[in-house]
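The values are calculated or read from the model by the stated rules, or taken from the named source; none is laboratory data. From a predicted model like this one, the values you see are computed outputs, not experimental measurements. In this analysis, Cβ positions are derived from the backbone assuming ideal geometry, glycine residues included, and neighbour counts consider all displayed protein chains.
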Amino acid sequence: MNVSGMNTIIVDKKEKALTKDEWVLEERNGLVLVFSPLLNKYPNFVHAFTTRLGGQSKPPFDSFNVGINNTTDEETRKDARHNKALLCQALNLPFQHLITAKRLVHSADVVMLETHSDPGEVDGIATRTRLRPVYMTFADCVPMIVYDQAKHILCLIHAGWRGTAGGIGKEAVQFMMEKCDSKANDLVVAIGPAIDSCCYPVGVDVVVKLMASLISTDELLKMVEAVEAFKQPCSELKDELKNMTGKIWDLINKLNLTDFFKLGETQIHVDLKAINAYQLLDLNVSDVDITNFCTSCKKDLFYSYRRSYVCGEGPTGRQAAIACLV
């Protein structure tokens, strides 16, 4: 966990990180896709975030599932492959050159495609190669597309809470600066559909790790240690958990982090999109475009792991983020 960083939250960057916009829904060849208004400004850059609408997937994955979801069912896998081909066709991209990670592992690891023809188990892939579309699948985690408008380089990122706590967005920006000579103020980022704070209560261990990705103080570091000790089995008592949650919420207030976290009935909710955005803006990234689509709320548009598994709705599919230099 990366606990280095700011000792204060910068107000103007926080305000920008909390600004979420209405993104464009557009039908392409029968597929309903989501586009970032910011990335749409660049004519030599193609991107999209998929929805669950279109394609040929059968229930419960209906109807545009692009993830195999660890299934061994060959029909489900075949439908997902067919849908990925449809996506490339809709965006006029070469399906035969489509590439993704072998497996998404909730890390903060980023690789350069030119030196890793098989990206392996990573959550960030960068490339400077034209007509080599990169995609990843999601079902609540945060998709981020980083584009260097000066050097024409992209990086696609998968950020769950672990990757967010590890600062994968920052890692990707620093990677591009070191490996590609990118400048932070040339980078623009789109943060796509993901679960929002309205639907995302988490445990106290997750909260303190995400807090530490935003700010570093001695008091917070002591709280991280206290939570690690609290996680012992003998401490799983409701009154103790309530007391610990109250202490963490008091610290959230003290550190001026209430815009990134919300106090629910029994747990603290987190805003992963805003946390990732702030981490990027903290590195002086030029602009960050954040959608207001919540994958858990928008049942008609998106698959959601939290809604389907945690809330008991059963198996779910995956949507994708795709980006390509042209």
For region 263-275, check the following and say yes or no: at least one residue is touching a Phe, Trp or Tyr at 6+ places or on another chain (Cβ under 6 Å), within 26 Å of Ala17 (Cβ to Cβ) and assigned to a loop (DSSP other than H, G, I, E, B).
yes
Picked from region 160-210 (must be part of a loop (DSSP other than H, G, I, E, B) and of a type in the set (D, E, K, R)), the residue nearest to Glu114 (Cα to Cα) is Asp181
Looking across region 99-110 at residues that are in contact with a strand residue (DSSP E or B) (Cβ under 6 Å, 6 or more places away or on another chain) and among the hydrophobic types (A, V, I, L, M, F, W, C), the single one that is surrounded by the fewest Cβ atoms within 10 Å (Cβ to Cβ) is Val105
Scanning region 282-301 for residues that are touching a strand residue (DSSP E or B) at 6+ places or on another chain (Cβ under 6 Å) and not polar (S, T, N, Q), the one surrounded by the fewest Cβ atoms within 10 Å (Cβ to Cβ) turns out to be Asp287
Within region 120-134, the residues that are buried (at least 24 other Cβ atoms within 10 Å of the Cβ) and either part of a loop (DSSP other than H, G, I, E, B) or in contact (Cβ under 8 Å) with a residue 40 or more places away in the chain (or both) are Asp123, Gly124, Ala126, Pro133, Val134
Within region 43-89, residues of a type in the set (S, T, N, Q) and under 29 Å from Asp148 (Cα atoms) come out as Asn44, Thr50, Thr51, Asn83, Gln89
Ser308 fails exactly one of (1) over 30 Å from Asn40 (Cα atoms); (2) in contact with a Pro (Cβ under 8 Å, 6 or more places away or on another chain); (3) assigned to a loop (DSSP other than H, G, I, E, B); (4) polar (S, T, N, Q), namely (3)
Selection from region 160-200 of residues in contact (Cβ under 8 Å) with a residue 40 or more places away in the chain and of a type in the set (Lys, Arg) yields Arg162, Lys170, Lys179
Of the residues in region 217-245, those that are out of contact with any Lys or Arg (no Cβ under 8 Å at 6 or more places or on another chain) and within 27 Å of Asp140 (Cβ to Cβ) come to Leu220, Val227, Glu228, Phe230, Lys231, Glu236, Lys238, Leu241, Lys242, Met244, Thr245
Practice task
Examine region 250-266 for a residue that is at positive phi and assigned by TED's automatic domain parsing to the domain that holds Glu114, and state whether such a residue exists.
Solution key: no
